[in-house]
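The values are calculated or read from the model by the stated rules, or taken from the named source; none is laboratory data. Keep in mind that this is a model prediction, so the values were computed, not measured. Every residue, glycine as well, gets a Cβ built from its backbone with ideal geometry; the counts of neighbours run over all protein chains shown.
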Amino acid sequence: MAASSPSNSSLQPLSTAENDLQPFFVLHKASHHGKDRTSAGQGKPRKRNKLSLRSPQSANNPEGSSAEECDPHLCQKTQIEAFDIVWAKIESTIKDVLRDLNASVFNNIQQWVMECFNTTRLVGEPSIAEATRSFPVLNNTTPLKVYSALVITRNIEFVDDIMTFEELGLFLKSHGCHVAMLSSMEFSLKNGIAGCLKALLREFLGSSFDPSDIQTLASWYREQDNYNKPLVLMINDLERCCGSVLTEFILMLSEWVVKVPIILIFGVATTVDAPRNIFPSHALECLCPSMFMLVTPAERMDAIVEAVFIKHCTTFNIGHKVAQLLRNYFINQDGTITSFIRALKVACLLHFSTEPLSLIQGRVIVEDEVRNSGLSPETMLKYLEELPSYARNEEVDQTKKSMAEGLSELLTVQKLWSTVVLCLYEAGKYSGVRLLDLFCEALNQVLYPSRDSVCSKRDEKDHGLSSTNDPCQQYSIMQSGGSICQIVRKVRDLPSGKLDQLIESWEELTVDISEIHEKLKILQSSVRCKDGKSSRRNSKDISKRGVSKGSIHNDKDSRMSNLHAIAFLDDLVRNYLRPIEGIPFHEIFCFKNVEKLQLVLIGDPRRRIQVDLLEFHNILHCSCCNKSGKALLPSMHDSSIMYSLAQEHGDLINLHDWFQSFRTIVLQHTNKRKQKPKQTPLPKKRKDMSGSEDQNDASIQARFCRGVTELQITGLVRMPSKRRPDFVQRIAFGI
Amino acid sequence: MLHPHRSIVVAPSPENPESIFNKFVLNFIFEDFSKMKNNEHWEEEEEDEEEDLEFSRNYFLAKEVQSSVKKSKRKITDIDVVDEQELREAALHIQPKHENEIARLMDSYTAMYPEWLLSLSCGFALLMYGFGSKKALIEDFASKTLTEYSVVVINGYLQTINLKQVLITLAELLCDQVKAKRRVSGRQLNSQSIEDLLTFLYEVEVEDKDFFVCVVIHNIDGPGLRDSETQQFLARLASCTHIRMVASIDHVNAPLFWDKNMAHTQFNWCWYHVPTFAPYKVEGMFYPLILAHGSASQSVKTASIVLQSLTPNAQSVFKVLAEYQLSHPDEGMPISDLYSVCRERFLVSSQVTLNSHLTEFKDHELVKTKRHSDGQDCLYIPLTTEALQKVLLEIS
């Protein structure tokens, strides 16, 4: 304890006292030493990843390896690089997925923009004299309309749309449009129409003009290069804009539409009615709306999960509990893809900062990218060997073989796992099962052995099966509940046409995995055989006995096919759906630390600051305060005593009472002390401090004041109002 | 026993129950915060809000089990408060508790430094929260771990912060790094708008990808940074490629400042719970002592500290008022008179500017309003003539 005190004092050097009252100051500038180190370590920036990831081991001999292991700087560099590589990979996967999802809508929008553009061109180009005049062209008695697209985002939160609209902007730009993007922030009462124009000019012309004038835009657009391209203005959150400002803006655009034919694209979060609620009728008349739909967040989420966690399951993966956390956070609290991606990024960061094995991953991925092959156990093993801990270990050679086996098993098992999940998801599309749910269930280790054991029981009774009432009940996956069960139930009732489709799609999915593909072949042949029989029988039936009986037979047969399909799924789930957490070496690319992730991802200041105050001894671990359970002791932190006392009050705390109870508790201490006959020889200073009763009062009052101030800083109490000068208000109730 | 207020919660109302509930919740959450944001309307709105808030608080109170305490009628004046000077003196010499434990706790956080550095290097920002002043901790982290990077500290707990100056400093630091002669020189930076500066910071290209300037913000929820515009600027600053942010919050409702775009995309916070239990020494400097609150005179020291943190113009406005009060000890100064004097001396350009100065003064209780006999609102400084003279001496 004593040793640690000096470091505390070093935390508050005297020189900073001046800085405390500066609104801001430069603490220090980047050290040259540091800069040199970074630049030297980096080499050529372009090749940096590959070079430095490979270099540390080859540069260091075995003696140096222990030093290297301890060098936090180098370790950190490796961590950062591994994170950069892995995250860049995930991010590009996600971007591709989202681009593919939006592709058709984006194409439609682009076509529509071109159509609108061509229509406006038909009106005719204004002459130079007309175009440079400072008032709009009004050659028709009927005002021209502003083309506007309502892009229904089907999203409550606007944050995902920002991303989508940025992509749309890039897409349109690449197809030869001038694109400006404004947000509701520009269309606020405070900014007014002038602010909108300024922002608009900044977007189109690239610099701000004072005073902003739409004529500037008109003459810019007259320039030959610009004139051949459509002008597109995107406003991604229509509902959040100030109606009156936007109305004025649109009226202005409609007047200038001949000179500046701006095409509007609105992001609409609610319904198609949104413009009607925002604009008055005369503004609505100026708009010529079309409608486009984006995919829902849930669909986007499933596409991302499929690409990141299932198809590329060996880049980076997460454990069941982490998946559960992310799922619940998405479904119950947040609902945005942005947060999900961010959470994934944080998980990735924590993976590299907390899991030592993770570092191999970055290197292996680099190596494999060079060779353009998948993650291979050979490469992984190569890097495992280079790990200092392995280099020092003489027994490595013996274990090498088994390790190689372990690693390759891990990869095979993962591949099988992902194929099974994809097969289930394909079947799940008929019952509307979300991939996110299925993914969580497929990761659940608790379910895996139970599936297994149920099956073994089934095997025992295998022969008596035909006698059970519902033959489907024999399959363990039918009994587990959850989304897998739901999927299988749907497969049971699937009409034969759809079943054939499903089996076909399974064929595509399993084509690379021979183990599963063979089983699928068996399924296909048995189904085909049934089909053949039934069709033959059908023709006979129709000719001989009529249609009704035939259809019954047909039903029975197709039901048998469904049973075969269920048996196939059951087999897959039982044998191949092994959650990653049960496989050796999964730590290399599987992040499991759910508590840590939750802490870093979701701060909870409202609850935690209160807990800090009420249960401070859990944090400080002092010997003086945690003996007596809930009783308040004078040795406790003043603010803690006061906040605990505040809990006894209602929403209003009488300052007088609060002070008195605080005083009582604080004085317990001195009374007890006085009772002690043998008082430890106190330094004179202390004696002076507690000398007279008055002075003591002053210090208690000062402590009380400081306590109130501290609680005020944390926002837990509110100061007395004019009406109630004797009370402070509690702000937070219940933890 | 039923809580006395419980009936209010279930009282029939023309509104539908759901909307009432929402109103409760929203009021409850925002009550304190909306006020903090709009300081100028504090006084006027307070009375109306009281009624509304009574509802929301009672909703939550009704859920608390043990809260059937009778409302006490005791007055704050019943406490035998010592002389204010003495109180302030005592406040400076409060014996710290758990010093060793706190030191140990602080030391234990040094183990987290590598993780924090990694988060920063990977493009995240750090948000520190938990009870106790985190100022020393963050600065220690910055000076021990971020030696390779320039670090700018913003003291958000102060009343006024000129964000533009901060941005200029940051731009200069970045320019230093970009060795190539840029068109933007120091002088030009001064004449640029916040918007342009942010664009510059966002677009500046530095060869070294790992390079960044770290911005430490103590109390990003502090009074000087509390308006939504500043928060938007900070969020945009945080989203710049070569800027990383380390900030602390103390207010339990601080996250309400940020919408999802700001919190998740722009700031990109990693939350770290680091209670320190260190006293809020500087952070609490500008809060009035509650027991001294009722007493007539403000101490010279607080007044001059507050005044020194204000702009020279604001100080001069205060001087005008103070001089008037010294020459007319018994009457306040009508606002219109103050305005015309200040205008003559080119201290303010409009009534709005003057009002913003006055709001600042009122918030710190440097200035109060009283109604003159002729019905006019007059301003006065709640200090004795002697104290006022001292304040004037200190700030001049």
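Given the criterion out of contact with any Ser or Thr (no Cβ under 6 Å at 6 or more places or on another chain) and closer than 14 Å to B:Cys214 by Cα, identify the matching residue among B:Glu99, B:Glu139, B:Glu89. Spell out the reasoning first.
On the way: B:Glu99 fails: closer than 14 Å to B:Cys214 by Cα; B:Glu89 fails: closer than 14 Å to B:Cys214 by Cα.
Testing whether each residue is out of contact with any Ser or Thr (no Cβ under 6 Å at 6 or more places or on another chain) and closer than 14 Å to B:Cys214 by Cα leaves just B:Glu139.
Considering only residues of region B:265-278 that are in contact with a Ser or Thr (Cβ under 7 Å, 6 or more places away or on another chain) and either outside any loop (DSSP other than H, G, I, E, B) or within 7 Å of another protein chain (Cβ to nearest Cβ) (or both), which is surrounded by the most Cβ atoms within 10 Å (Cβ to Cβ)?
Start the filter on region B:265-278 by keeping residues that are in contact with a Ser or Thr (Cβ under 7 Å, 6 or more places away or on another chain), which leaves B:265-266, B:270, B:276, B:278.
From what's left, either outside any loop (DSSP other than H, G, I, E, B) or within 7 Å of another protein chain (Cβ to nearest Cβ) (or both): B:265-266, B:270.
Working: B:Thr265: 20, B:Gln266: 21, B:Cys270: 23.
Across region B:265-278, the extreme among qualifying residues is B:Cys270.
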Condition broken by A:Ser661, with the remaining ones in (1) modelled with pLDDT of 90 or more; (2) more than 7 Å from every other protein chain (Cβ to nearest Cβ); (3) within 19 Å of B:Ala90 (Cα to Cα) satisfied: (3)
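Each row is one residue, and each column tells you yes or no for (1) in a helix (DSSP H, G or I); (2) surrounded by fewer than 20 Cβ atoms within 10 Å (Cβ to Cβ).
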| residue | (1), (2) |
| --- | --- |
| A:Val272 | no, yes |
| A:His282 | yes, yes |
| A:Cys288 | no, yes |
| A:Ala298 | yes, yes |
| A:Ile304 | yes, no |
| A:Ala307 | yes, yes |
| A:Ile310 | yes, no |
| A:Lys321 | yes, yes |
| A:Leu326 | yes, no |
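Given region B:302-386, what helices (runs of 4 or more DSSP H) lie entirely inside it while holding 2 or more residues that are within 21 Å of the chain's Cα centre (by Cα)? Give the steps one after another, and end with the answer.
Numbers: elements: B:312-327, B:335-344, B:351-363.
Correct list: B:312-327, B:351-363.
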Of all residues making up region A:698-735, the number that are in contact (Cβ under 8 Å) with a residue 12 or more places away in the chain, facing chain B (nearest Cβ under 7 Å) and of a type in the set (A, V, I, L, M): 4
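Quick test for you: out of B:Val252, B:Val213, pick the one residue that is at pLDDT 90 or above, surrounded by 22 or more Cβ atoms within 10 Å (Cβ to Cβ) and closer than 29 Å to A:Asn618 by Cα.
Numbers: B:Val213 fails: closer than 29 Å to A:Asn618 by Cα.
One residue alone meets the criteria, B:Val252.
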Counted residues, region A:268-323 - those being of a type outside the set (Phe, Trp, Tyr), out of contact with any His (no Cβ under 9 Å at 6 or more places or on another chain) and within 18 Å of A:Leu344 (Cα to Cα): 22
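For a quick check of your reading: which helices (runs of 4 or more DSSP H) sit entirely within region A:395-492 and have at least 1 residues that are at pLDDT 85 or above? Quick ask: steps written out before the conclusion?
Working: elements: A:396-428, A:435-443, A:447-460, A:476-479, A:482-492.
Here the list reads A:396-428, A:435-443, A:482-492.
Condition first: closer than 29 Å to B:Glu115 by Cα, modelled with pLDDT of 90 or more and under 26 Å from the mean Cα position of the chain (by Cα). Can you find one or more residues in region B:199-208 that meet it? Give the steps one after another, and end with the answer.
Our first condition is that a residue be closer than 29 Å to B:Glu115 by Cα; within region B:199-208, this holds for B:201-208.
Now drop any that are not modelled with pLDDT of 90 or more, which leaves none.
No, there is no match, as no residue in region B:199-208 is closer than 29 Å to B:Glu115 by Cα, modelled with pLDDT of 90 or more and under 26 Å from the mean Cα position of the chain (by Cα).
Test B:Leu163 against the stated conditions and say whether it is under 24 Å from B:Met285 (Cα atoms) and more than 8 Å from chain A (Cβ to nearest Cβ). If you could, list the steps in order and put the result at the bottom.
On the way: under 24 Å from B:Met285 (Cα atoms): yes; more than 8 Å from chain A (Cβ to nearest Cβ): yes.
It is true that B:Leu163 is under 24 Å from B:Met285 (Cα atoms) and more than 8 Å from chain A (Cβ to nearest Cβ).
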Some residue of region A:610-617 being farther than 20 Å from A:Ala732 by Cβ and not hydrophobic (A, V, I, L, M, F, W, C): yes
Residue satisfying condition, being out of contact with any Cys (no Cβ under 8 Å at 6 or more places or on another chain), within 14 Å of chain A (Cβ to nearest Cβ) and in a loop (DSSP other than H, G, I, E, B), within set B:Met285, B:Met262: B:Met285
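Any residue in region B:168-175 that is closer than 30 Å to A:Leu711 by Cβ and more than 7 Å from chain A (Cβ to nearest Cβ)? Write out each step before concluding.
So the first thing to find is which residues in region B:168-175 are closer than 30 Å to A:Leu711 by Cβ, and the list is none.
The answer is no; no qualifying residue exists.
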Test: residue in region A:537-555 that is closer than 24 Å to A:Lys429 by Cα and either at pLDDT below 85 or not assigned by TED's automatic domain parsing to the domain that holds A:Val420 (or both): yes
The listed residue being part of a strand (DSSP E or B) and in the same structural domain as A:Leu200 (by TED's automatic domain parsing), out of A:Ile250, A:Ile265: A:Ile265
Single unsatisfied condition, B:Val153 versus (1) closer than 24 Å to A:Leu716 by Cβ; (2) assigned to a strand (DSSP E or B); (3) within 11 Å of another protein chain (Cβ to nearest Cβ): (1)
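Within region A:79-132, can you find the residues that are among the basic types (Lys, Arg) and modelled with pLDDT of 85 or more? Write out each step before concluding.
So in region A:79-132, the residues among the basic types (Lys, Arg) come out as A:89, A:95, A:99, A:121.
Hits for region A:79-132 are A:Lys89, A:Lys95, A:Arg99.
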Residue count, region B:124-144 (criterion: within 27 Å of the chain's Cα centre (by Cα) and farther than 25 Å from A:Leu716 by Cβ): 7
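Each row is one residue, and each column tells you yes or no for (1) more than 9 Å from chain A (Cβ to nearest Cβ); (2) at pLDDT 90 or above; (3) crowded, with 16+ Cβ neighbours inside 10 Å; (4) within 30 Å of A:Gln79 (Cα to Cα).
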{"site": "B:Glu84", "(1), (2), (3), (4)": "yes, no, yes, no"}
{"site": "B:Arg88", "(1), (2), (3), (4)": "no, no, yes, no"}
{"site": "B:Gln95", "(1), (2), (3), (4)": "no, no, no, no"}
{"site": "B:Glu101", "(1), (2), (3), (4)": "no, yes, yes, no"}
{"site": "B:Leu105", "(1), (2), (3), (4)": "no, yes, yes, yes"}
{"site": "B:Ala111", "(1), (2), (3), (4)": "yes, yes, no, yes"}
{"site": "B:Glu115", "(1), (2), (3), (4)": "no, yes, yes, yes"}
{"site": "B:Ser119", "(1), (2), (3), (4)": "no, yes, yes, yes"}
{"site": "B:Phe124", "(1), (2), (3), (4)": "no, yes, yes, yes"}
